[in-house]
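K.L.:
I'd like to ask some things about the structure below.
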Ligand SMILES: [Fe+2]
């Protein structure tokens, strides 16, 4: 593979020289860089993306991979020039910014361009070119000016997209909605090995092209992202709007906490593995250079201001959390110890500072694992007679949760909303201000998005629904269907539409709004619309 590719590139240099001789006559919409190359296969096989918007711009991303499932993406070790354009119109006629970036082997031939100099609160379009290949055109949107009066914000929260569990129809439907942005709560990839039945093609909801081991090395993680990103529905979602990416556990290792691997399926040192996982995550997400990992560390918490309407704080609940102190489902005293934390002191201080200076209507905690207390004793496959709490969530650090509620009180956050994923269920909950009574006075709400595909086809009614409701009166909606949550945010109301796709084992299923819940500004609590 590598040798034949080198030959291809050598050939390309010769054709490039020929091309230069005749290039005066060749009009080019995009001005190609010096290392112009021909590709035998389409180099934008992993799509394009934009993300992390600011009032004056956003990041645009691509990764060159003419052979997406080859270890080197089919690129060999040479650098390649990529030209980019940002335009005011979808036909790319009114180009406002353009430039050249270099895709290098050190970052798997990914390209991250931080676009600036744009106007706030506006749609823009972008594309890339390398050699003679053009990418598709993507749409993105700058943030409104920090003090602008914003009348509406529409976005999706989504995540958990295990490849072999089903098609990404929910991503296709998200693409069709042309959202202002998407919050990805994590589990973009699953790091695990293909199981024996999966290798034998049994029980697969969609084919897994090949035999995949558990991700440990940078090459492993890169290949996993390559596989997932070949999906056209996912590519369409990325091209449709900016993403705010975050990671949960499966971008690294199941249930990892801080510098602990937790599930000791492999006896490998964890920090080099975490470094490899973060590097691959960065390489495949539209992130800024400020969020580039340094060895095993990455700065992934950050905040976005949507005019006077909302502040969205994207949290990192993995890197700084306490070690798990109890069984996976438990209600042990250690989980209530005062020093248990999900965010760590520096991130808690950052949240205090962020919300302390924000006078916006809605304060949003965009994060990974369920925040409100959740008693699992009556869920299927649980046999608990007493409360069963999931220690991988905020229930494993109740003091850390109470400190966040204290930050919301102290910063006089008017309308806090928590966004979550992880449980492969659509759940809407009221968050109590009383740590001893989860069904006590509501001070915030939580919208938990179901999975895109993880868990396979779901169902509308969860088994034991009545008992679950009795154990958890603060649950206002629960379903195990696949899909995403659509949020429509206005100055007086926040509406969450639980969007469900009928099937993920057949392509192209339709989407329906299964349930809508509304919060009125100034009145904490959930009302069915
Ligand atoms: Fe998941």
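The values are calculated or read from the model by the stated rules, or taken from the named source; none is laboratory data. For clarity, every value in this text was computed on a predicted model and none was experimentally measured. Positions of Cβ are backbone-derived with ideal geometry, glycine not excepted, and every protein chain shown enters the neighbour counts.
K.L.:
I need a count of the residues in the range 404-437 that are within 16 Å of the ligand (Cβ to nearest atom) and not in a strand (DSSP E or B).
P.N.:
5
K.L.:
Filter the range 298-320 down to residues that are assigned to a strand (DSSP E or B) and out of contact with any helix residue (DSSP H, G or I) (no Cβ under 8 Å at 6 or more places or on another chain), then give me how many there are.
P.N.:
Result for the range 298-320: 6.
K.L.:
Turning to a different aspect of this structure: Answer yes or no as to whether residue 375 is within 19 Å of residue 445 (Cα to Cα) and over 24 Å from the mean Cα position of the chain (by Cα).
P.N.:
In short, yes.
K.L.:
With respect to residue 488, is the statement that it is in a strand (DSSP E or B), under 22 Å from the mean Cα position of the chain (by Cα) and surrounded by 18 or more Cβ atoms within 10 Å (Cβ to Cβ) true?
P.N.:
no
K.L.:
Find the strands (runs of 3 or more DSSP E) located wholly in the range 90-178 whose residues include 3 or more that are in contact (Cβ under 8 Å) with a residue 12 or more places away in the chain, out of contact with any strand residue (DSSP E or B) (no Cβ under 7 Å at 6 or more places or on another chain) and surrounded by fewer than 22 Cβ atoms within 10 Å (Cβ to Cβ), and list them.
P.N.:
none
K.L.:
Oh, and also: Residues to consider are 363, 349; find the one that is under 20 Å from residue 417 (Cα atoms), surrounded by fewer than 19 Cβ atoms within 10 Å (Cβ to Cβ) and modelled with pLDDT of 95 or more.
P.N.:
Answer to the check: 349.
K.L.:
Do we find a residue being within 24 Å of residue 361 (Cβ to Cβ) and within 16 Å of the ligand (Cβ to nearest atom) anywhere in the range 477-485?
P.N.:
Yes: the range 477-485 contains one or more residues that are within 24 Å of residue 361 (Cβ to Cβ) and within 16 Å of the ligand (Cβ to nearest atom).
K.L.:
Count, please, the residues in the range 229-262 that happen to be in a strand (DSSP E or B) and either surrounded by 20 or more Cβ atoms within 10 Å (Cβ to Cβ) or within 16 Å of the ligand (Cβ to nearest atom) (or both).
P.N.:
Of the residues in the range 229-262, 5 are in a strand (DSSP E or B) and either surrounded by 20 or more Cβ atoms within 10 Å (Cβ to Cβ) or within 16 Å of the ligand (Cβ to nearest atom) (or both).
K.L.:
Quick one: in the range 321-347, which of the residues that are within 22 Å of residue 367 (Cα to Cα) and not in a loop (DSSP other than H, G, I, E, B) is nearest to the chain's Cα centre (by Cα)?
P.N.:
Going through the qualifying residues, I end up with 347.
K.L.:
Give the residues of the range 161-209 that are closer than 23 Å to residue 278 by Cβ and within 14 Å of the ligand (Cβ to nearest atom), sorted by residue number.
P.N.:
If the condition is that a residue be closer than 23 Å to residue 278 by Cβ and within 14 Å of the ligand (Cβ to nearest atom), then 161, 162, 163, 184, 185, 186, 187, 188, 189, 190, 191, 192 are the ones that fit.
K.L.:
Considering only the range 438-469, state which residues are assigned to a loop (DSSP other than H, G, I, E, B) and away from the ligand (no atom under 16 Å from the Cβ).
P.N.:
Of everything in the range 438-469, those that are assigned to a loop (DSSP other than H, G, I, E, B) and away from the ligand (no atom under 16 Å from the Cβ) turn out to be 438, 439, 440, 441, 459, 460, 461, 462, 463, 464.
K.L.:
Answer yes if at least one residue in the range 263-278 is in contact with a strand residue (DSSP E or B) (Cβ under 9 Å, 6 or more places away or on another chain), crowded, with 23+ Cβ neighbours inside 10 Å, assigned by TED's automatic domain parsing to the domain that holds residue 315 and closer than 24 Å to residue 52 by Cα, and no otherwise.
P.N.:
yes
K.L.:
Would you be able to say whether some residue in the range 394-410 is surrounded by fewer than 21 Cβ atoms within 10 Å (Cβ to Cβ) and over 17 Å from residue 343 (Cα atoms)?
P.N.:
Yes, the range 394-410 contains a residue that is surrounded by fewer than 21 Cβ atoms within 10 Å (Cβ to Cβ) and over 17 Å from residue 343 (Cα atoms).
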